[in-house]
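For reference, the structure discussed in these notes is given below.
The values are calculated or read from the model by the stated rules, or taken from the named source; none is laboratory data. Just so it is clear, the model here is predicted, and its values are computed rather than measured. Backbone-built Cβ (ideal geometry, glycine too); neighbour counts: all protein chains shown. Protein only, heavy atoms only, side chains kept; ligands, DNA and RNA dropped before computing areas. Shrake-Rupley method; radii C 1.70, N 1.55, O 1.52, S 1.80 Å.
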Amino acid sequence: QVQLVESGGGLVQTGGSLRLSCAAPGSLSGIRTMGWYRQPPGQQRELVAVITSVLGATYADSVKDRFTISRDNSKNTVYLQMNSLKPEDTAVYYCKLSRNWGPDYWGQGTQVTVSS
């Protein structure tokens, strides 16, 4: 029943930037973690970055120096600023929300394509 609205994907050249957004319902409470995962073509889904209220942000090594995750608690929205994009960043990016109780929720995914 929880709808996560993703936006910001698209086509960009190597070295370019994109900013992904994922918004949860404003009335949703008890959010523990919001984050981003991605699934490259023919590969498994992998963690990109997560942000937790008590632990802060964590990044995959492959994006640590290039991506920044942030969260606007007043809007229940998480962002992923992606700079210096590389072709290997090409994937479907999924937003994930975890609460203190109940099931996790996933966005529908947004395609990010980086051309060389």
Filter result (aliphatic (A, V, I, L, M), touching a Leu at 6+ places or on another chain (Cβ under 6 Å) and either at pLDDT 95 or above or in a strand (DSSP E or B) (or both)) within the range 5-26:
Val12, Leu20
Given the criterion on the phi > 0 side of the Ramachandran plot, open to solvent by 60 Å² or more (accessible area, probe 1.4 Å) and part of a loop (DSSP other than H, G, I, E, B), identify the matching residue among Ser62, Ser84.
Ser84
Would you check which residues across the range 48-59 are among the hydroxyl-bearing types (Ser, Thr, Tyr), part of a strand (DSSP E or B) and open to solvent by 40 Å² or more (accessible area, probe 1.4 Å) and list them?
Thr58, Tyr59
Taking the options Ser74, Ser29, name whichever one is in contact with a strand residue (DSSP E or B) (Cβ under 9 Å, 6 or more places away or on another chain) and either open to solvent by 30 Å² or more (accessible area, probe 1.4 Å) or assigned to a strand (DSSP E or B) (or both).
Ser29
Taking the residues in the range 87-107 that are of a type in the set (S, T, N, Q) and modelled with pLDDT under 95 as candidates, determine which candidate is surrounded by the fewest Cβ atoms within 10 Å (Cβ to Cβ).
Asn100
Output yes when any residue across the range 1-16 is of a type in the set (Asp, Glu) and in contact (Cβ under 8 Å) with a residue 40 or more places away in the chain, and no when none is.
yes
Test Gly35 against the stated conditions and say whether it is in contact (Cβ under 8 Å) with a residue 60 or more places away in the chain, in contact with a strand residue (DSSP E or B) (Cβ under 6 Å, 6 or more places away or on another chain) and surrounded by fewer than 18 Cβ atoms within 10 Å (Cβ to Cβ).
no
